[in-house]
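The values are calculated or read from the model by the stated rules, or taken from the named source; none is laboratory data. Everything numeric in this text was worked out from a predicted model, so none of it was measured. Positions of Cβ are generated from backbone atoms using ideal geometry, with glycine treated the same way; all protein chains shown enter the neighbour counts. We work out accessible area using only protein heavy atoms, side chains counted, and drop any ligands, DNA or RNA first. Shrake-Rupley method; radii C 1.70, N 1.55, O 1.52, S 1.80 Å.
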Amino acid sequence: MTDHEFPDVASMKPCIRPDMFDFEGVFLTRFFTDNWENVKNFQARPDDILIATYPKAGYSAIKNPRTTWVSYILDLLYFGNDENQTSQPIVQRVPFLESCFQEFSTISGTEMADNLPTSPRLIKTHLPVQLVPKSFWEQNSRVVYVARNAKDNAVSYFHFDRMNMVQPEPGDWDSYLDKFMQGQNVFGSWFDHVSGWWQKKRSYPNMLYMFFEDLSEDTGREVNRLCSFLGLSTSVQEKEKITKGVQFDAMKQNTLINHVTIPFLDCKISPFMRKGKVGDWKSHFTVAQNERFDEVYKQKMKNSGVTFRTEI
Ligand SMILES: Nc1ncnc2c1ncn2[C@@H]1O[C@H](COP(=O)(O)OS(=O)(=O)O)[C@@H](OP(=O)(O)O)[C@H]1O
């Protein structure tokens, strides 16, 4: 088996479904803490681009290339014409910084990032802002944060936890939603994550804060925003091509992107590229769940300053 291959999923099942534990105030699993010294001491570079999201907000990266949408857009903007690059799965093109899946890979996220031959390096993280390695701030690296409304994010994360054998068991939807409201998810509370990064943006100008809902409403406009932020003079034709290539249906068909080859993701339970919709929460939340959620949301987000759209 090479560095980038996985064992057959059937043979892996007994050793997976890890426990979640409190790590410096945030729920994580060992897959994100086993390499912590190297994560903490990771040496960022001034031209690095860190793509940060709460899980399932549309960014997609090690064997587990996720935060897919914006990673793929950035990858195409920088390396779309480099066949060498685009023939690799996106998990290898955009390393997942804190990941360390020792059972499945001999290479950690930090090693993969250190070995990246490209410049700039595109690096993905799901860490809450306070756990990001300090060298990113010291080097003034660019950061693209992508946020998704809490309701759709909860639904998407629930289905992902059902199909991802390296995440804790999600249980049923009702109890999952309760845990989500209490912040008991891998990578911690959605509320703290989106608010913490929003807060950081105030003191760190080298960050673009994007919304899944905006990408969904007008992908071309958001590609333009990314180009402005990054100082790219990509041609109109190229931007149009990229915008077309990153639509949900096109990405769902692309096996280098859609993760069907990652053995611990069981796409028979739920596909990685599931629905990609704004407002899908309506087909999951009961009236009672929605009322409960709105109450908790109001309370937890009252001082955050960031607003979301739950439909477009
Ligand atoms: N191009 C495009 N258009 C619309 N929606 C898209 C797109 N790319 C990714 N997605 C949706 O984003 C969700 C996955 O988020 P991530 O890629 O951040 O997942 S991960 O945290 O990295 O595993 C997941 O959302 P759900 O379908 O609602 O589950 C993906 O379908």
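Structure notes:
- Complete set of residues in the stretch 90-103 that are of a type in the set (D, E, K, R) and either closer than 18 Å to residue 79 by Cβ or in a helix (DSSP H, G or I) (or both): 93
- Note on the stretch 104-202: enclosed helices (runs of 4 or more DSSP H) holding 2 or more residues that are over 21 Å from residue 292 (Cα atoms) and open to solvent by less than 10 Å² (accessible area, probe 1.4 Å) are 109-115, 134-138, 150-163.
- Members of the stretch 260-300 that are open to solvent by 90 Å² or more (accessible area, probe 1.4 Å) and within 12 Å of the ligand (Cβ to nearest atom): 277
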